[in-house]
Every structure is written in structure tokens, then in C-alpha cells.
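Worksheet: the structure to be examined is printed underneath.
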Amino acid sequence: MEAKITALGTYVPERIVDNHYFESMIETNDEWIVSRTGIHTRRFAAEDEYTSHLCIAAAKNLVETYNVVLDDVDFILVGTVTPDQTMPSMATQIQDYFGIKHAGALDISAACAGFAYGIVLAKGLIAGGTHRKILVFGAETLSKFTDFTDRTSCILFGDGAGVVLVEAAPKGNILGVVTGSQGDCGKELYLTNTHKQINGVDVIVDNKIHQNGRAVFKWAINTVAEQMPILAERSNLKMSDIDWFIPHSANLRIIEALCAQTGFPLEKTLESITLYANTSSASIPLALQRGLREGKVKKGDRLLMIGFGGGLVYAGVVVEWDV
Ligand code: COA
């Protein structure tokens, strides 16, 4: 049996936050944020709304849209770096909420690549013959881990969740995958727990996200531009066969630079950055959902998705969208 994505669900919190929100807190303005990042608005979770709630809402959206049952799901994977708590995992809380019996449950720490990593793992579990029906989430409440005194990072983040169902089928639709990491750059983008150092260097221990924006920007462009044709080739395709490129929405400037560097047409990219900002592991499913709702993505389209972020890590998959 092969792995096939058969359904998608998404959710974003109700509260819309525009760029003017930051003007009373830090020295910034709407024009700077739009021109440097492409972000116009983001969603912030309510005070009593956590990552597990966003996952549950996204799964409900999937069930309602595709009329599927979750009772026989046998594995739950959740890409998140902003779980309600480190233990128990978000995956177990979703299993409990939906009363799914005997499902394996695992959270994935791969930052903005968490959703793509989940798809890679689901493909492997199904190809290995041990599992048949897997939920893969990417979900974050980054606003709860944002340093609102740091103007270089606080304007970037938003909250949201996405989920796909991956099922065993005679013919799959996940064509090829790539994965990779560069741990020596861990200190460039982090959210600490206890240790005061990363890569032997002192870092800020305050349960907030910190980054070297320029270093991450450069790494993202070089790495993703290099991996795009490799991923296409592993899927037995050329880049010209790809209908939609869906990179992690970290910054619109990164997406534009990737297209400029590789020659891939910008108008064939899907993004969630302008409306939802950087939602880390949720950004790819949110961009795909926009593409579907706007009637851009059609049955049979080939989607090249690459997540990249803290670790530093990346993961990519090509999916033939026949859902
Ligand atoms: N409002 C106004 N000015 C700001 C600002 C803000 N919110 N944030 C930074 N600035 C200032 C800087 O202090 C700097 O001023 P200076 O020249 O007087 O020192 C100037 O704007 C330029 O800063 P710089 O860091 O060079 O801007 P940039 O064009 O590189 O954009 C990021 C900064 C963070 C938007 C950009 O580097 C980025 O998006 N990096 C990738 C981050 C990312 O995606 N991380 C997650 C990856 S998964």
C-alpha cells in the first residue's frame, strides 16, 4: 500500500491583529512591516485558547469538509514548537478529545518544517505496512511565546493550525521527499527550556522565541533554492512540472527571493504570510487551504511544499492533489 493524502482541515483564531497594533508597543509602522515581510494581518489565540484547541478545531473542519470518520485513525502526528505543555503531547490530547482508541501519538519538534516532516513520517509508516490512517497536524500558538519588546521578531508571528489525513491506498499521491538539518545553526533561531547555551554559545532563557533574522533569511534562501530541483527529481518530475510551490510562509521576501533565484514563477506560489503572518508549522496547510478556497489548486495539480526553520531543519514533499 502507498500513502495518500485524502483530506485537509484548517483553523485560525478569531482575533485579527493588524500592523498598527504594534505601533504603541515598539518603534515600527505598517509600511515597514509590509515592505520587509509582506505581512498585513495575523491571528492571535485567545488567552484561554491553546495549541491543542487549534488542532481540534482544524480536525473538526477536516471532518465536516470531507465527511470522514476519525475512529479508526491509528497514528496522530503533531508538528508544533508551541505545545500547551511539553508532556503530555498534543497528539495524546487530540486522541483523547476524539475518543480515538489505540492510536499511536507523537509530537514532532521541527519548528516550521514540522508539518512537512509529519507527512514524510506518515508516508514511511504506511509504506512500511504498520499503519493505515494517520492524522498529520501543523499547529502553533506563537503569540504566547513572542517577545513583544523585540521589534525584529514580534511583528512576524501568528497563530493557526492545519491537518491532513494520510491513508493507505493502492496508489499514493506523495511522490517524493527531502529532509535535512544544520544543527550548528541552532543558536540562530530558538525557544529555550533549561540549558543556557546552544552550540556552546550563551542564549536568552526566557521561554520566548529569539532569532538572528538575517542569518535565517540567507540560510532559508540558499537551502530551499538548492532543495527544490532535488525534490522535483526525487518525484520523477522537473520543476516545470510543478503547478504550485508552497514554501513555508516565513516572509514574502523569502518567497520572492526563492523565485528570483530559481526562475520559478512567483504567480505559481501559494502563501499564508500576508493574512496570517508566520504561523510556523501551520503555514503550509493554511496556504494550501487558501489556494483551494480561491479555486487555484485543481485536481491533479502537483504541489511542491518545503518547510524550513528552527534547528535549523528542512523537509519537503511533492503531492499530487487528487482529493
Ligand atoms: N520596525 C521598524 N524597523 C525595524 C523593525 C521593525 N519591526 N525591525 C527591525 N527594524 C530595523 C532594524 O533595527 C534595522 O535598523 P538599523 O539599520 O538602524 O540597524 C533595520 O530595520 C533593518 O533591519 P534588518 O534586520 O536588516 O531588516 P531585514 O530587512 O533583514 O528584515 C526580518 C528583518 C526579521 C524581517 C528579516 O530578516 C526576516 O524575515 N528574516 C527571516 C526571519 C524568519 O523568517 N524567521 C523564521 C524562519 S522559519
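Which of the following residues is buried (at least 24 other Cβ atoms within 10 Å of the Cβ), farther than 28 Å from residue 216 by Cα, β-branched (Val, Ile, Thr) and at pLDDT 95 or above: 94, 108? Before the answer, list the steps.
Numbers: 108 fails: farther than 28 Å from residue 216 by Cα.
Within the list 94, 108, the selection yields 94.
Return a yes/no flag: does segment 177-185 have any residue that is within 14 Å of the ligand (Cβ to nearest atom), outside the structural domain of residue 128 (by TED's automatic domain parsing) and crowded, with 18+ Cβ neighbours inside 10 Å. Yes, some residue in segment 177-185 is within 14 Å of the ligand (Cβ to nearest atom), outside the structural domain of residue 128 (by TED's automatic domain parsing) and crowded, with 18+ Cβ neighbours inside 10 Å. Could you tell me whether any residue of segment 190-212 is within 16 Å of the ligand (Cβ to nearest atom), under 23 Å from the mean Cα position of the chain (by Cα) and part of a helix (DSSP H, G or I)? Scanning segment 190-212, I find no residue that is within 16 Å of the ligand (Cβ to nearest atom), under 23 Å from the mean Cα position of the chain (by Cα) and part of a helix (DSSP H, G or I), so the answer is no. Count of segment 23-62 residues, restricted to those that are in contact with a Leu (Cβ under 8 Å, 6 or more places away or on another chain) and over 17 Å from residue 138 (Cβ atoms), is 5. Every condition in (1) free of Cβ contacts under 8 Å to residues at least 40 places away in the same chain; (2) buried (at least 16 other Cβ atoms within 10 Å of the Cβ); (3) among the β-branched types (Val, Ile, Thr) is met by residue 205 except one, and the failing one is (2). In this structure, does residue 260 turn out to be in contact (Cβ under 8 Å) with a residue 24 or more places away in the chain and either assigned to a helix (DSSP H, G or I) or within 19 Å of the chain's Cα centre (by Cα) (or both)? Criteria not met by residue 260. The residue that is farthest from residue 277 (Cα to Cα), counting only those in segment 92-141 that are among the charged types (D, E, K, R) and touching a residue at least 24 places away in the same chain (Cβ under 8 Å), is 101.
Working only within segment 4-54, note down all residues that are of a type in the set (Ser, Thr, Tyr), closer than 20 Å to residue 255 by Cβ and in contact (Cβ under 8 Å) with a residue 24 or more places away in the chain.
Looking only at segment 4-54, we keep the residues that are of a type in the set (Ser, Thr, Tyr), and these are 6, 10-11, 21, 24, 28, 35, 37, 41, 50-52.
Subsequent filtering for residues that are closer than 20 Å to residue 255 by Cβ retains 10, 35, 37, 41.
Passing the criteria: 10, 37, 41.
The values are calculated or read from the model by the stated rules, or taken from the named source; none is laboratory data. Because the structure is predicted, anything quoted here is derived from the model rather than measured. Every residue, glycine among them, receives a Cβ derived from its backbone with ideal geometry; neighbour counts consider all protein chains shown.
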